[in-house]
């Protein structure tokens with residue numbers, strides 16, 4: 001039954017969002033399907049524009065819908081990406097020439113936009129961690145099925161990056177960690193620190209997020225066998241699309 005106006009205590013936008021959510025999760029609305037426009041929903045349901053927008057914003061915040069410029073609002077795949085830090089950073093992955101992203105995506109590889117600056121001044125806080133004044137900066141945007149999921153910026157000492165050949169856009173099978181291992185600087189230890197907050201405007205634009213959407217920030221430092229930091233990687237994840245999983249042996 002369509003939501004009705006005027007009943008005390010009812011949150012009509014939630015009811016509308018619940019209806020679409022159920023259809024998305026059941027598969028009745030498949031990924032890529034356009035939702036009815038604001039005008040259609042206002043006319044057919046007798047709802048205010050603000051109510052319709054609140055419902056759509058709620059679906060966007062949950063990672064179930066997104067806007068496409070000039071097209072409208074379309075349905076996203078409700079399946080979450082399980083990010084297991086231990087499994088994705090395993091040496092068995094990159095030594096076999098696999099992308100660590102393939103672990104998250106059931107062996108699928110994402111579309112990746114890469115921007116590399118081979119030698120530039122290190123930000124002060126990065127220089128303090130790496131012990132290097134010049135860095136190679138690698139910026140990536142990872143997307144799946146046309147939708148951006150993660151922003152990542154890696155910093156490596158510029159000289160080391162040049163020696164290992166990771167100052168190129170394409171770092172070859174196994175990525176940067178395999179190339180570092182090739183020159184005797186095998187990564188053996190990683191630490192990740194996480195926090196969550198509302199996306200900044202530039203992050204929301206890059207990830208295609210609605211106003212008020214949340215992101216998870218991950219800072220990873222990677223060390224070699226001598227305990228020297230090889231890389232600092234700052235990642236921004238669309239919180240609505242990820243489940244962060246960790247394994248522990250107690």
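When the helix-only estimate is applied to the chain (DSSP H runs of n ≥ 4, each -39,500 (n - 2.57), divided by the residue count), what is the mean residue ellipticity at 222 nm, nearest 500 deg cm²/dmol? Don't skip to the end; give the middle numbers.
On the way: 10 runs with 78 residues, N = 250.
Computed mean residue ellipticity for the chain: -8500 deg cm²/dmol.
Scaled to the compact-protein estimate 2.2 N^0.38 Å, what is the alpha-carbon radius of gyration of the range 102-250, rounded to two decimal places? Don't skip to the answer; put the middle values down first.
Numbers: Rg = 15.7 Å, N = 149, 2.2 N^0.38 = 14.7 Å.
Against the compact-globule rule of thumb, the ratio is 1.07.
For each of 153, 236, 30, count neighbouring Cβ atoms within 10 Å of the residue's Cβ, then give the residues from fewest to most.
By the 10 Å Cβ count, ascending: 30, 153, 236.
Could I have the simple spin-label model distance between residue 198 and residue 217, label points 7 Å from Cα toward Cβ, reported in nm to one decimal?
Those two pseudo-labels are separated by 1.5 nm.
Order 162-168, 77-83 from most to least packed using the mean count of other Cβ atoms within 10 Å. Each step should come with its number before you reach the end.
Numbers: 162-168: 19.3, 77-83: 16.0.
Highest to lowest by the protection proxy: 162-168, 77-83.
Starting from 0.36 nm per residue, how many nanometres of slack lie between residue 234 and residue 77 once their C-alpha separation is accounted for?
Numbers: separation 157, 0.36 × 157 = 56.52 nm, distance 2.58 nm.
In short, 53.9 nm is gained.
What is the distance in Å between the Cα centroid of the range 152-196 and that of the range 26-58?
First find each Cα centre; the distance between them is then 45 Å.
Return, ordered by residue number, the residues of the range 226-250 whose backbone nitrogen is under 13 Å from a label point located 7 Å along Cα→Cβ of residue 105.
Under cut-off, by backbone N: nothing.
With angles folded into 0 to 90 degrees, how steeply does helix 12-26 sit against the dominant principal axis of the chain? Use alpha carbons for both and round to 10.
Relative to the chain, helix 12-26 is tipped by roughly 60 degrees.
Rg(Cα) of the chain divided by 2.2 N^0.38 Å? Mind showing how you got there, number by number?
Numbers: Rg = 21.6 Å, N = 250, 2.2 N^0.38 = 17.9 Å.
Cα Rg divided by the expected 2.2 N^0.38 Å: 1.21.
Compute the helix-to-body angle for 49-61: its Cα long axis versus the longest principal axis of the chain, expressed 0 to 90° and rounded to tens.
30
What is the spin-label model distance, in nm, from residue 206 to residue 37 if the labels are put 7 Å beyond Cα along the C-beta direction?
A separation of 3.3 nm, rounded to one decimal place.
FYI, it's all coordinate maths here, none of it is from the lab. Bear in mind the structure is a predicted one, so any value in this text is a computation, not a measurement. Cβ: placed from backbone, ideal geometry, glycine included. Neighbour counts: every protein chain shown.
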